[in-house]
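See structure below.
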Amino acid sequence: QVQLVESGGGLVQPGGSLRLSCAASGMLFRIYTMGWYRQAPGKQRELVATITTGSSTNYADSVKGRFTISRDNAKNTVYLQMNSLKPEDTAVYYCNADGPRGAFWGQGTQVTVSS
């Protein structure tokens with residue numbers, strides 16, 4: 001079955017950086033649009049960034065210029081490089097795959113930005 005496993009979350013100070021990874025299995029990775037979403041306490045899940053099969057990217061306005069999404073089809077992995085982190089970036093970050101067999105989600109990884 002399809003599995004998406006996120007890693008790389010943690011505690012970081014404001015202004016710091018983290019890189020999230022999402023390793024996919026059980027799917028033909030290269031034909032799926034991949035995305036990162038996040039959900040802060042008491043808030044709805046929101047889009048952070050997506051990357052298509054042709055590597056076109058889309059970002060939420062709140063992260064433009066600070067976050068970069070990328071994919072490595074040879075490794076079945078999507079990344080989210082997060083720089084200049086702010087306390088408001090604190091959330092559980094979820095990996096998403098959207099393609100011919102539907103949409104799939106990872107279990108999430110916690111990112112906490114605090115001094």
If we keep only residues of segment 57-67 that are out of contact with any helix residue (DSSP H, G or I) (no Cβ under 8 Å at 6 or more places or on another chain) and open to solvent by 40 Å² or more (accessible area, probe 1.4 Å), then the residue farthest from Thr77 (Cα to Cα) is Asp61
Filter result for the condition that a residue is among the acidic types (Asp, Glu) and under 20 Å from Ser115 (Cα atoms), over Asp72, Asp89 | Asp89
Which of the residues that make up segment 18-56 are polar (S, T, N, Q) and surrounded by fewer than 12 Cβ atoms within 10 Å (Cβ to Cβ)?
-> Ser25, Gln44, Ser55, Ser56
Within segment 1-22, which residues are under 17 Å from Thr68 (Cα atoms) and among the aliphatic types (A, V, I, L, M)?
-> Leu18, Leu20
Of the conditions (1) charged (D, E, K, R); (2) open to solvent by 70 Å² or more (accessible area, probe 1.4 Å); (3) free of Cβ contacts under 8 Å to residues at least 24 places away in the same chain, the single one that Asp72 does not satisfy is (2)
Hey, could you check segment 75-94 for residues that are of a type outside the set (A, V, I, L, M) and closer than 18 Å to Gly54 by Cα and say which is most open to solvent (accessible area, probe 1.4 Å)?
-> Lys75
Flag for Ala91 being among the aliphatic types (A, V, I, L, M) and out of contact with any Pro (no Cβ under 9 Å at 6 or more places or on another chain) | no
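The values are calculated or read from the model by the stated rules, or taken from the named source; none is laboratory data. Predicted, not measured: the structure shown is a model, and the values here were computed from it. We place every Cβ from the backbone using ideal geometry, glycine too, and count neighbours over all the protein chains shown. Quick note on the areas: whole protein, heavy atoms, side chains included, nothing else; ligands and nucleic acids left out. Shrake-Rupley method; radii C 1.70, N 1.55, O 1.52, S 1.80 Å.
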